[in-house]
Amino acid sequence: MRRNWMKWSLWVVAVVVLSLPVASWAQLTTQDIAARDNMEAHVGNLTGHANSGQAKYDYRRYCVGCHGDLGDGNGEVAQWLDPPMWPKPRDFQLGIFKCRSTPTGTLPTDQDLYDAISRGFDRSAMPIWNVFTKQQRVDLVAFVKHFSPRFVSEKPGTPIQIPPEPEVTADRVKNGREIFARVQCWKCHGVTGQANGPSASTLQDDLGRPIAAFNFTEGARPKCGSTDQDIYRIFMTGLDGTPMPSFADNIKPDEAWDLVFYLRTLMAQPSKEKDIARQLGLKPVSPNP
Amino acid sequence: MNRQQVFVSVLAITVLVCCGSLLLNKTVSAAGEGKITGTVKLDGEAPHMKPIDMSKDPYCVKANPTPQKFQNVVAGSGGGLENVVLYISDGLSNPTESTAVQVFDQKNCMYSPHVLAMDIGQTFKVQTSDQTAHNIHPNPNPMTGNIPWNQSQPPGAPPVEKSWKATEFIEVKCNIHPWMHGWFAVVKGPYAVTDENGNFTIQNVPPGSYTVSAWQEVYGTQTAKVTVAAGGSAKADFTFKAK
């Protein structure tokens, strides 16, 4: 009887001791998995849920072909997309996104991901998903986030402050040209904005795949949006995962508007800035100052 | 005491000792820190490092009257291997943190140093001495906790101050000058990088027995066991086979 009792207590202690590390590990991972399964997204007054039937249905119906079951960008179609003409689908697991309102090296906000889904990506296989209701899109934002553990362990960055857009003047356009020369945008984008700068031909993304600099002159929409605010945000946050760096440390917030105005003069679309450049007879910057 | 009580108390003590040793698995960092010195050599002929074609950027060509060579393997005349990172990969439980701010310079369109070693959380400063634009673009694996970033460095750019959260050998590149390639070697605890003769000294090593690792970007990692006495100096030499 006594012997039985000892045996029993030995078993209990052995089981408890052995299960301690397993239990703590299991607790961590199940918590982590639960946090990801229950991921939410907040845009305006809408809340999206990764575990909603709609999000799962929409992802499997519309997104999985390119972005894959695991959100790693290896869907069936991905193999047929050849960069730089056709960028590969985003790997959601890494949590690295081009189009953000947040500084380089930080997670995007829910609004940023919502805008990316709504806007689509020009010159890529990613269409504009404005067929979805707002609620569907916010649910998909939550679903996209649930693929990356980073959205559990990190908070999104603080969006950069964009001062109100000033009036376009000749001085501002001229100053924008100075900035374009000083920070040497032309190294990749070319002095005329034709994406033919000396470094354009060797550009690679973070995964070693060829990538093209934006050509301002052929009427294409920038991938992260074409409003003045979008363009401001692109060079002040950088496009993470690509060669495009953040210029936040090297261009003052108000001056950044001048660069936006100068970039407009390089674009094919008619604009007030283009008229000013024509009147001023602005020449492309010199690559050898 | 009957047998049952003896048994239970022995069991309880065993469990306590086991848990205690798990919790207190630390050597107390005492005064009298020692060091680990040694030499890293390359056995065989160093692979040919191609001269770099910098014709993309006239500034870079002008800055280097004799063309620079790639720095993936840099061996001195005596076979000493430069830019090897030495660190303690096992046995260190309470490392003192390195606090000095290190500098990673972009100079003459090259990285100086080619390999910058640092402690977890140690601040380093990226600066530019060049009159041409760079971008500084480290590419760690975000799953480690080290998040990639990408900052412009035009002429006169203010320095960028950063640190890393996890141990990792992080490649750093400039997309504008694709030959620019270096490393941030993030390790835990004291470290050293070999000089042009392959010599190194890891300072501030508390007494104890350790595994020392030597990491070279092409040849990988080697390890050696050393014991450091209080205030003493241990020796660890490494030889990588040229391939």
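For chain B, the longest principal axis of the C-alpha atoms and the axis of helix B:3-23 are separated by about 20°. Dimensions of the protein assembly as shown from C-alpha coordinates, computed as largest minus smallest value along each principal axis and given longest first, are 104, 67, 41 Å.
Taking B:166, B:214, B:117 as the candidate residues, the one with maximal mean-square fluctuation in a Gaussian network model of chain B, Cα springs under 10 Å, is B:166.
For residue B:81, neighbours were defined as the other residues whose beta-carbon sits under 12 Å from its Cβ, and their charges (Lys and Arg +1, Asp and Glu -1) total -4. Working from label points 7 Å from Cα in the Cα-to-Cβ sense, the residue A:178 to residue A:165 distance is 2.3 nm. Remark on segment B:27-241: ratio of C-alpha radius of gyration to 2.2 N^0.38 Å is 1.07. Highest mean packing first, where packing is the average number of other Cβ atoms within 10 Å per residue, the peptides B:142-148, B:186-192, A:173-179 line up as B:186-192, A:173-179, B:142-148. Over all pairs of different C-alpha atoms in chain A, the reciprocal of the mean inverse distance, the Kirkwood hydrodynamic radius, equals 21.5 Å. At a temperature of 25 °C and a viscosity of 0.890 mPa s, determine how fast segment A:116-185 diffuses translationally according to Stokes-Einstein, using the Kirkwood radius over alpha-carbon pairs as Rh; express D in µm²/s, rounded to the nearest whole number. The diffusion coefficient I find is 150 µm²/s.
Label positions at residue B:45 and residue A:61, each projected 7 Å from the Cα along the C-beta direction, are separated by 6.6 nm.
Across segment A:131-149, the residues whose backbone nitrogen lies under 14 Å from the label position 7 Å along the beta-carbon direction of residue A:32 are A:147-149. Of the listed pairs B:35/B:165; A:223/B:165; B:35/B:243, which have alpha-carbon separations greater than 29 Å here? Among B:35/B:165; A:223/B:165; B:35/B:243, the Cα-Cα distance tops 29 Å for A:223/B:165; B:35/B:243. As a calculated quantity, the FRET efficiency between residue B:225 and residue A:209 at R0 = 30 Å, using C-beta atoms, amounts to about 0.10. Give me the accessible area buried between chains A and B, both sides summed, with a 1.4 Å probe, in Å² rounded to the nearest 100. Chain pair A/B: roughly 2900 Å² of buried accessible area. Rolling a 1.4 Å probe across the protein heavy atoms gives segment B:27-241 an accessible surface of 43 Å² per residue.
Its relative contact order, with pairs defined as Cα atoms under 8 Å and 6+ residues apart, puts segment A:40-153 at 35 percent. Each of A:70, A:43, A:80 was scored by the projection of its Cα onto the charge dipole of segment A:40-153, and the greatest displacement toward the positive side belongs to A:43; charges sit on the C-beta of Lys, Arg, Asp and Glu.
Both numbers refer to the Cα atoms of segment A:181-269; Rg and Dmax are 12.4, 35 Å. Spin-label model, residue A:16/residue A:269: points 7 Å from Cα along the beta carbon direction are separated by 6.9 nm.
The values are calculated or read from the model by the stated rules, or taken from the named source; none is laboratory data. Quick caveat: nothing in here was measured; it's all calculated off a predicted structure. Neighbour counts are summed over all protein chains in view; Cβ atoms, including those assigned to glycine, are modelled from backbone coordinates with ideal geometry. Ligands, DNA and RNA are stripped out before the accessible areas are found, and what is left, the full protein with its side chains, is counted by its heavy atoms. Shrake-Rupley method; radii C 1.70, N 1.55, O 1.52, S 1.80 Å.
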